[in-house]
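The values are calculated or read from the model by the stated rules, or taken from the named source; none is laboratory data. As the structure is a prediction and not an experimental result, all values here were calculated from the model. Methodologically, a virtual Cβ is constructed for each residue, glycine included, from the backbone with ideal geometry; neighbour enumeration extends over all protein chains shown.
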């Protein structure tokens, strides 16, 4: 070939290379404009991906196709040796596709974990899904898709699956400072996840590295506006300390909240979920977390009041009445369990308020959801009263002075009465049939304005509704749900009776801690 | 692959062998006889040295450090499931890189060598010397084999050192974690093994001959065996027959087989071992209210009880249900009145069922007996079933067809019992009681080597549970070795298992020593089901050196590189080097590629493709189909005379920690000689006829 020909070929190659660069930049720009989702923030974090692309030349696409099909075949064959390696390579080869990561996070957390028989191994498989998500998050920080995926794993899988009792306890325990089982260095190729990393210090506060902001707040952002600062656990700081570890539902809230703020302030859009769903999740997470604390409080209370040998029912609803009749002068209370129960009830009260505020914010943005979430808010109110009452009741049992004891009992009695009233309203509003409401509610009162009923009226009307239900069978399909509220009311009634007896006795005994 | 295609392959392999012999005889012994007589290994070696020197001068060996760096980088990106998997993946990366490196290097060197020498006229200096073309071809093959050998030595040394380093590091970590008690119970048995023998090994594996699932441990003094109720166990009884066997004994007219149907006469005993669902329900009902279906039907020992039932079905030799339910016993269960199983119970098989059974060349069936009732176990013995062929008249004595048990094979001398069968294998239900269902895996001629007190076994099985457990409930297995000859039973070994993950457990050598033994496994966890196949359990019969195994693996790669060299040189004798490279790849991958397409090359696929293409005109469709079938057949035929590179299986065994069998080396050598020598002869013929110098 002559010299001119060679120069021509070189020129064409260079032009093609330049054109490739221009089109890539244009594509990146277009993508960033459409999605408002930032790409990689650090060039170094993409080193692996570049290194692989360099090694593979033009074979990146075919290799990804082979890896996808072979990893899916392995999953179907339940052969998980080197499965994770293939998924990791897919991640490195397709770092810019969020939907790939969303699938693989879900794939690992659900499809792979379910193939394990032991809960411990299921748990580590789910943590492995979170590790995967974390690696993507490192490469693509503050990305609404990835943060939501992380939150969903915490909420749906670790916080609310059939095995939640095991998962919640392990996350709480391992979030506290502990000796790691894994002795290999994290960058060792054979390193694998065996447990959740500690995220708390000895005082129960979040470790500083999880609260370090990485995104500067824009100067033009109005004061008081939310801002996702990029720190991993930004929204848990307000709930410090965590003496009993961090709940997976708390972590779910943190990530959902970050995603919601990215949507609201940075105008990012989730690839698969609607804006309304993303916006509603923080409130739901806080409600779930509050209910978990409530249940933990119940269990700790049973241990504290009835001794460690007492069998604790596994079903949530069966916990209500176990320790409801404990007398006000109960002896031999377990101090640690008492403290834990008081902490949990108090935290539930705090979370009920926080969740309600989140619901209020969400409903302000999406008024169509106001009716849908009204029942959640009413439940939160009832939970808040009940937990405040239980907290004060337990505090009264260990009060140091008679005055303090009486004061706490009075406070508990007021909260129990409020809880009862709130539960009565819930039953009247949400579980009363139309015919019964028309027939039995006082004039001018409908299911939508039952709050106008006084306490005495509410109790009377509810009794009439229940009698009617027994007689006519109308609304009987709601019996199971109604029983749950009736149990709360039964518990409150028994506690009110205990308090009434205690406060009328002249020498109510006190018990020091 | 269908038997048709397989048959074609066999025919073509034979044709290929004849073709190879013809080429070698014609090309070397007849056409090149003079050159063969003049052949000098010294001259060939000298030519090979030129190839070697040229390759070294071109710094070919410098590519090995690059490959080593690539391996190290890729190894950092692995996410192993455990330490053994980390080593397995590292072996894979190392050997894959080594194989890829030598194949690419060899193809490029060998395919470009001759054309370049001709272009640059370097070949003049060789062909003008008293060297024959045969010596040139063989010399070049030798030269490039030396180059690939050198690459293999470098990569092999790196692989060995790197793996030993990694394995030693990981073994230390395992030791530390074991000492600190930081290992999951499900990993404990395997980790102990890794700590003792290391992560780099080459095992020789022995597999059990079959697998049976019993409701109780078989009593060696009795021929009675037990299978579980609740459809968790079943018995299979073989029957062999000729069509004439089913002609009614008094049919003197048209002698149509199956005219009177048949009767399966079964004797099945039973034992109640737990509450039945009716009893469970009755226990929960308020006093004075009876469960609806607890009405007793049978009087036993003076008491009226509800008898359990069995279902009888007919299976083919693949153990698939052969006859529809209503053809056997009217599709209903039969009551077992007699717990001792002495009273025979007839189960009628309809004439239509027998006709269907006799279709084709079928000469064997299995009578399947399954107990659907929960809370019962069922007993069966070799004499528990016969087939009767009734006469046309009720007075005629029926013909009796006995089960086809084997007198020579003790494993086939009894009804075969198996667990409930699913996609992944047979279920072994868990039971925390002292007795419970047991899997028995007989081994024969499997004497373990060495002299240690313990022998290692591998177990990989699925686990099914309800999936809604809120607290950790591990699946615990109990393994026992039993020697039927001596009656010696080992002490039980208990260990925890994870689903579809290999666990290594140990059993005392005593009962295993003569190689004729049974391994019995019990699942001790209630409500968990172990999913097993016969290959789920294997014995580590012996261990050889990993380094020696690596050497064998590298040797197979070297044989492959020689084959690649021969093909590349053959192509370069008559093609320009770029085309030679492409053709070399096509020849190497042709056989494998056609194997991948095997489903679409089946006879009859042409019809379905014609339909997919919407060809309505029958003549067009026929033309398309026949063309497609002819092309498929041609492709298959061509592929079978191409080398089967799957025979150079260098990595599969070593990755799994299994010793590479001598047969693997022999297979690779066979392909090299069977394909390489004729190609060498052709290369010589082509080169001799090529004008390379004036």
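Output the residues belonging to segment B:659-692 that are touching a residue at least 40 places away in the same chain (Cβ under 8 Å), closer than 15 Å to residue B:555 by Cα and in a helix (DSSP H, G or I).
Those that are touching a residue at least 40 places away in the same chain (Cβ under 8 Å), closer than 15 Å to residue B:555 by Cα and in a helix (DSSP H, G or I): B:664, B:665, B:668, B:669, B:671, B:672.
So for segment A:110-120 (the condition being closer than 28 Å to residue A:172 by Cβ, in contact with a strand residue (DSSP E or B) (Cβ under 8 Å, 6 or more places away or on another chain) and within 8 Å of chain B (Cβ to nearest Cβ)), does at least one residue qualify?
Yes; the residues of segment A:110-120 include at least one that is closer than 28 Å to residue A:172 by Cβ, in contact with a strand residue (DSSP E or B) (Cβ under 8 Å, 6 or more places away or on another chain) and within 8 Å of chain B (Cβ to nearest Cβ).
Here are some residues: A:130, A:211. Which one is out of contact with any strand residue (DSSP E or B) (no Cβ under 9 Å at 6 or more places or on another chain), modelled with pLDDT of 95 or more and within 14 Å of chain B (Cβ to nearest Cβ)?
A:130
What helices (runs of 4 or more DSSP H) lie completely within segment B:50-143 and have 3 or more residues being under 30 Å from residue B:503 (Cβ atoms) and within 14 Å of chain A (Cβ to nearest Cβ)?
Here the list reads B:63-76, B:83-119.
Quick check on segment B:163-170. Is at least one of its residues more than 14 Å from every other protein chain (Cβ to nearest Cβ) and in a helix (DSSP H, G or I)?
Yes, the conditions are met somewhere in segment B:163-170.
Residue under question is residue B:526, and the condition is that it be within 14 Å of another protein chain (Cβ to nearest Cβ), part of a loop (DSSP other than H, G, I, E, B) and at pLDDT below 95; does it hold?
Judged against the criteria, residue B:526 is a match.
When you check residue B:417 against the structure, is it in contact with a strand residue (DSSP E or B) (Cβ under 9 Å, 6 or more places away or on another chain), under 25 Å from residue B:262 (Cβ atoms) and surrounded by 22 or more Cβ atoms within 10 Å (Cβ to Cβ), yes or no?
Yes; evaluated as a whole, the condition is true for this residue.
Which of the helices (runs of 4 or more DSSP H) found entirely inside segment A:1-81 contain at least 1 residues meeting this: at pLDDT below 75?
Ranges flagged: A:3-35, A:47-56.
For segment A:225-262, how many residues meet the condition of being assigned to a loop (DSSP other than H, G, I, E, B), within 20 Å of residue A:280 (Cα to Cα) and out of contact with any helix residue (DSSP H, G or I) (no Cβ under 8 Å at 6 or more places or on another chain)?
First pass over segment A:225-262, keeping only residues assigned to a loop (DSSP other than H, G, I, E, B): A:225-233, A:240-247.
From what is left, the residues that are within 20 Å of residue A:280 (Cα to Cα) are A:225-228, A:233, A:247.
This time we only want the ones that are out of contact with any helix residue (DSSP H, G or I) (no Cβ under 8 Å at 6 or more places or on another chain), so: A:225.
Residues in segment A:225-262 being assigned to a loop (DSSP other than H, G, I, E, B), within 20 Å of residue A:280 (Cα to Cα) and out of contact with any helix residue (DSSP H, G or I) (no Cβ under 8 Å at 6 or more places or on another chain): 1 in total.
Taking segment B:421-472 on its own, how many of its residues are assigned to a strand (DSSP E or B) and over 28 Å from residue B:231 (Cα atoms)?
5
Does segment B:129-147 contain any residue that is more than 21 Å from residue B:579 (Cα to Cα), under 50 Å from the mean Cα position of the chain (by Cα) and surrounded by fewer than 18 Cβ atoms within 10 Å (Cβ to Cβ)?
Yes, the conditions are met somewhere in segment B:129-147.
Can you confirm whether residue A:124 is away from every other protein chain (no Cβ under 12 Å), in a helix (DSSP H, G or I) and in contact (Cβ under 8 Å) with a residue 40 or more places away in the chain?
When the stated conditions are applied, residue A:124 does not pass them.
Going through segment A:146-167 one residue at a time, which ones are part of a helix (DSSP H, G or I), in contact with a helix residue (DSSP H, G or I) (Cβ under 6 Å, 6 or more places away or on another chain) and within 14 Å of chain B (Cβ to nearest Cβ)?
Across segment A:146-167, the qualifying residues are A:157, A:158, A:166, A:167.
Return yes or no: is residue A:138 within 14 Å of chain B (Cβ to nearest Cβ), over 26 Å from residue B:528 (Cα atoms), in contact (Cβ under 8 Å) with a residue 12 or more places away in the chain and part of a helix (DSSP H, G or I)?
no
Here are some residues: B:536, B:545, B:491. Which one is within 14 Å of chain A (Cβ to nearest Cβ) and either under 25 Å from the mean Cα position of the chain (by Cα) or surrounded by fewer than 20 Cβ atoms within 10 Å (Cβ to Cβ) (or both)?
One residue alone meets the criteria, B:536.
I'd like the full set of residues that are assigned to a helix (DSSP H, G or I), touching a helix residue (DSSP H, G or I) at 6+ places or on another chain (Cβ under 7 Å) and without any contact (Cβ under 8 Å) to a residue 24 or more places away in the chain, limited to segment B:603-658.
Result: B:607, B:609, B:610, B:621, B:624, B:625, B:628.
Restricting attention to segment B:32-44, report how many residues are touching a residue at least 24 places away in the same chain (Cβ under 8 Å) and closer than 20 Å to residue B:673 by Cα.
Residues in segment B:32-44 being touching a residue at least 24 places away in the same chain (Cβ under 8 Å) and closer than 20 Å to residue B:673 by Cα: 4 in total.
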